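What follows draws every value from the coordinates through simple rules; no lab data is involved. Model, not experiment: these values are computed from the prediction. Neighbour counts run over all protein chains shown; Cβ positions are idealised from the backbone, glycine included.
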Amino acid sequence: MHSSGLNLDNRILVTGGGGFLGRHVVRSLLRRGFTRVSVIRSKDFDLTLAEDVQRMLRNHQADVVVHLAAVVGGIGANRRQPGTFFFQNLLMGALLMEEARLAGVKRFLSAGTICSYPKFTPVPFREEDLWLGYPEETNAPYGLAKKMLLVQSEAYRQEFGFDAVNVLLVNLYGPGDNFHPESSHVIPALIRRFLEAVESGATEVEVWGSGQATREFLYVEDAAAGVVAALEKLETSAPVNLGSGLEISIRDLATRIASITGFAGRICWDAGKPDGQPRRCLDTTRAKASLGWVSRTPLDEGLRRTVEWYRENRSQPAG
Ligand SMILES: NC(=O)c1ccc[n+]([C@@H]2O[C@H](COP(=O)([O-])OP(=O)(O)OC[C@H]3O[C@@H](n4cnc5c(N)ncnc54)[C@H](OP(=O)(O)O)[C@@H]3O)[C@@H](O)[C@H]2O)c1
């Protein structure tokens with residue numbers, strides 16, 4: 001029995017459990033000793049439909065829901081489909097928590113995002129500063145839709161005693177990431193472009209933005225360990241940042257990835273394309289204090305493992 005009231009034989013549903021973070025979270029839960037973990041796929045249950053959410057909860061008799069399902073993507077995808085990112089994420093979260101409450105689910109964890117922070121949050125971002133302003137425009141619809149889970153968690157805890165807990169994740173990367181050119185985040189996009197340039201003998205690679213914006217990246221296995229620690233230990237709905245604490249400019253990141261992939265040509269910055277949020281880095285003091293969790297994988301090591309994984313897996317369809 002954990003302090004949260006969780007038992008290792010609780011039935012745990014992981015929405016988005018077949019996704020990038022989801023697969024690592026499922027592995028971490030099993031490694032931790034949880035034995036009844038079910039992965040929810042969109043082909044079986046469309047979580048934007050109330051009847052599918054109800055059927056899922058009925059079929060699985062869940063004790064715990066780990067809600068990772070979301071429509072996600074890099075700046076390009078967020079700009080092309082802001083309405084889809086807003087509506088589907090808002091609906092999925094709102095429906096799922098409501099139906100989970102009605103079905104008697106005992107604990108509900110949501111994976112939130114750094115995109116929910118205001119555009120000009122003082123760096124490093126502290127959880128207390130979440131509501132200081134509007135998020136960066138390119139990711140605001142996504143970030144705000146997900147942020148409503150925090151409001152719903154607090155409101156449901158207050159009115160219904162519903163045990164909802166929340167983590168806020170920085171940009172993730174690692175084996176199993178989405179490398180699709182239309183929807184990938186910056187690290188897989190750069191890895192792919194540099195490797196293709198090396199193979200085709202191209203001497204230049206164009207990269208979006210000025211390179212001045214900063215980001216923080218968390219290795220996906222570390223993120224999964226943080227999610228499991230939060231599921232076991234959090235006692236309130238107050239969100240907890242999960243990050244690596246390393247702020248790096250996109251320019252520096254690109255140089256590191258170029259070196260790991262063996263690209264020795266020129267990187268051309270397309271300053272006509274958006275940088276996104278100017279700076280990003282989370283303060284992880286709360287995670288350390290309340291979960292005993294810290295990120296363990298140094299960026300260069302994580303990047304090397306990711307490049308290796310992509311080299312070995314790129315011809316295979318995502319499963
Ligand atoms: N990746 C990051 O850098 C990052 C950063 C901060 C926060 N997060 C959060 O972490 C979570 C996981 O992200 P990820 O990067 O692992 O994304 P992902 O690989 O795209 O996984 C998300 C999963 O959501 C499921 N999904 C989407 N729409 C659905 C629907 N209508 N019904 C049921 N399932 C649906 C998909 O399941 P199927 O595969 O079955 O279609 C997909 O695999 C998300 O909540 C995201 O907001 C991610």
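Per-structure values
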| read-out | value |
| --- | --- |
| Every pair of residues 6+ apart whose Cβ atoms lie under 7 Å, when the first sits in the stretch 195-223 and is part of a loop (DSSP other than H, G, I, E, B) while the second is of a type outside the set (D, E) and crowded, with 21+ Cβ neighbours inside 10 Å | G209/I250; G211/I250; G211/A254; A213/I250; A213/G276; A213/Q277 |
| Considering residues of the stretch 119-134 that are outside any helix (DSSP H, G or I) and touching a residue at least 40 places away in the same chain (Cβ under 8 Å) only, the residue surrounded by the most Cβ atoms within 10 Å (Cβ to Cβ) | F125 |
| Selection status of G112, part of a loop (DSSP other than H, G, I, E, B), near the ligand (Cβ under 10 Å from one of its atoms), buried (at least 18 other Cβ atoms within 10 Å of the Cβ) and not aliphatic (A, V, I, L, M) | no |
| Checklist (1) in a helix (DSSP H, G or I); (2) under 21 Å from the mean Cα position of the chain (by Cα); (3) more than 21 Å from L246 (Cβ to Cβ); (4) more than 14 Å from the ligand (Cβ to nearest atom) applied to L144, failing item | (4) |
| All positions within the stretch 21-42 that are part of a helix (DSSP H, G or I), under 15 Å from N10 (Cβ atoms) and among the basic types (K, R) | R32 |
| Selection status of G83, in contact with a helix residue (DSSP H, G or I) (Cβ under 8 Å, 6 or more places away or on another chain) and near the ligand (Cβ under 8 Å from one of its atoms) | no |
| Residue match in the stretch 19-42 (condition: β-branched (V, I, T), out of contact with any Cys (no Cβ under 7 Å at 6 or more places or on another chain), near the ligand (Cβ under 9 Å from one of its atoms) and closer than 15 Å to E98 by Cβ) | no |
| Residue match in the stretch 237-260 (condition: part of a strand (DSSP E or B) and loosely packed, with under 14 Cβ neighbours inside 10 Å) | no |
| Residue within the stretch 151-159 that is free of Cβ contacts under 8 Å to residues at least 24 places away in the same chain, away from the ligand (no atom under 13 Å from the Cβ), surrounded by fewer than 23 Cβ atoms within 10 Å (Cβ to Cβ) and outside any helix (DSSP H, G or I) present | no |
| Qualifying residues in the stretch 1-18 (those that are assigned to a loop (DSSP other than H, G, I, E, B) and closer than 24 Å to P175 by Cβ) - the one farthest from the ligand (Cβ to nearest atom) | G17 |
| Count of the stretch 48-85 residues which are of a type in the set (D, E, K, R) and either under 21 Å from V167 (Cα atoms) or in a strand (DSSP E or B) (or both) | 1 |
| From D275, D252, residue being in contact (Cβ under 8 Å) with a residue 24 or more places away in the chain and of a type in the set (D, E) | D275 |
| Output for the stretch 160-182, where each listed residue is farther than 28 Å from D300 by Cβ and either of a type in the set (A, V, I, L, M, F, W, C) or without any contact (Cβ under 8 Å) to a residue 24 or more places away in the chain (or both) | F160, G161, F162, A164, V165 |
| Members of the stretch 294-319 that are within 19 Å of E247 (Cβ to Cβ) and part of a loop (DSSP other than H, G, I, E, B) | V294, S295, R296, T297, P298 |
